[in-house]
Each structure stands twice: as structure tokens, then as C-alpha cells.
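What follows is calculated from the coordinates using simple rules that are stated; it is not laboratory data. Worth saying up front: this structure is predicted, and the values here are computed from it rather than measured. Here the Cβ is made from the backbone with ideal geometry for all residues, glycine too, and neighbour counts use every protein chain on show.
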Amino acid sequence: MKLGIIAALNTEIKPTLSAFSHSSRKIEHLRFHDAGPFVFVAGGVGAKPAAAASLVMVDHFKPDALVSTGFCGALSDDLDTGQLIIGGTKKRPADEKLLEMAQAAAPNAKPGRIKTVEKVVVKADEKKKLGEESGAAVVDMEAEAVALAARSRNVGFLSVKSVIDTPAEPLASTYAGCLVVLRDVILRPGTVMQMVYDAKRVKIASDRLREFFVALASLMTVAG
């Protein structure tokens, strides 16, 4: 089995790639990393880049399934930084076989649906409202697009996300570009220390993803 792993940012997959021997090549504007049973790509932030990267992945590498991975925000305060959430989206449930493998690779992961939105959600009340309305556990900006691309190419789908922030401990900024970050720092000087904390949370979340994919690769090797 070959899995195409779609992330938004290199930060989300860099620690994982360091754990595997891999080869890289550029296709169109994207750099793909072939690592054993996986092919990784950081397609960019948002639905359109995620969908485009997913289609290039399927057409060039012929994976059996696509996995949307990366960071997410919790929609309730019962989840902690680094908690893995595995499952599907509202429009596309997870492939059952993949879900079973993922649960075996990460026994402490929690099953849950992911809600895809158009922009980073920071405010606690907005997060909790999204959770109540959607029934989702976490929020991101790409999973639904990857799921729809998987459906269009008739391959399996799974979402594996690592929590960074919660309603009680939101991100310091939406991080939607340098100007936004600069504005946040100027308007709220204390934001700098919060951003340092966010960087620590990013490391925790990315390390959890690395641990997951290493464990999943071992299971896939055993299963043949």
C-alpha cells in the first residue's frame, strides 16, 4: 500500500521526513518526498492549494489513499496540544481499513471529525460555536479539499491531525502573513511571548505526527 500524505506547511512534515530515508523531486511548483510507503508534499494553506496538490499526487504517484495531515485547532477544551485526531470530514468519512491501521499505530489518538474552514479561527466563542454546530472535534483549512480530491480519483481518504491550540489557549495570531503578525505585535506587545509559546506547541504537534508516521510505517511493513 502507498499513501499520499498532504500537508499545508513544510513545518508540519519536516520532523517526519527527518525520520525516513527519502528522495525528493519537483513536479510543477511542488516538491514531493518519496519515503517508503509514503509520499509527502506540503501543498500550501487553504482548500485550493490542497486540492491541487492532491490531484498531482494521485496522478503522478498513484497512491491507494490520500491522508490529510498537519496541525489543527481544537473546538473544545478537553483536547491538549499534541493530541492526535483521526477520522474523516462531514462529506467524506475515513476509509475503514486506514482508520483501523491509524488507531493501531496511535492507540492514544482520538477518533473525531474535522471541520474545514476558510480562515484561521482564533476566538474561543467562534471555536465553540463551530464545534456545537458541526459536531466536529477540530478545525483546519485543507482536509475537506483533500477528501473531495480523493473521491474524485476513487482512492481512500483519512485525516490525521495534531492539535496546537484550544479555545482556552488560542493562537497569538492568525499568522496570515508578515504584515498581520507585525500588526498583532504592535497592537499587543505581549503577543511576542505568546508567539514563543505557539512555537513550542508547533514542535510538540509536529513531533506527534512524526511518531505517528514512524509507527504506521512499521505496521505497514509488517502487514506487507
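The table that follows gives values for the structure above.
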read-out	value
Listed peptides 111-124, 193-206 by packing density, highest first (mean Cβ within 10 Å)	111-124, 193-206
Three semi-axes of the equivalent ellipsoid, region 28-137, Cα gyration tensor, whole Å, largest first	26, 18, 12
Ellipsoid semi-axes in whole angstrom, largest first, where each is sqrt(5λ) of the Cα gyration tensor of region 133-224	32, 18, 12
Antiparallel %, DSSP beta bridges [both residues in the chain], to 5	40
Size of electric dipole in region 1-138: Cβ of Lys, Arg +1 and of Asp, Glu -1, about Cα centre, debye, nearest 20	340
Residue order, fewest to most beta carbons within 10 Å, for T166, T11	T11, T166
Rg in Å to one decimal, and Dmax rounded to a whole Å, for the chain via C-alpha atoms	16.7, 55
Kyte-Doolittle at least -1.0, axis length at least 24 Å by Cα - qualifying DSSP helices, the chain	191-223
By average C-beta atoms within 10 angstrom, highest first, the peptides 39-46, 129-136, 152-159	39-46, 152-159, 129-136
Rounded to the nearest 20 debye, dipole of region 72-189 from Cβ charges on Lys, Arg, Asp, Glu	380
Shape box of region 123-183 [Cα atoms, principal axes, largest first, Å]	43, 30, 18
Extension gain (nm, one decimal) between S218 and H29, 0.36 nm per residue minus Cα-Cα	65.0 nm
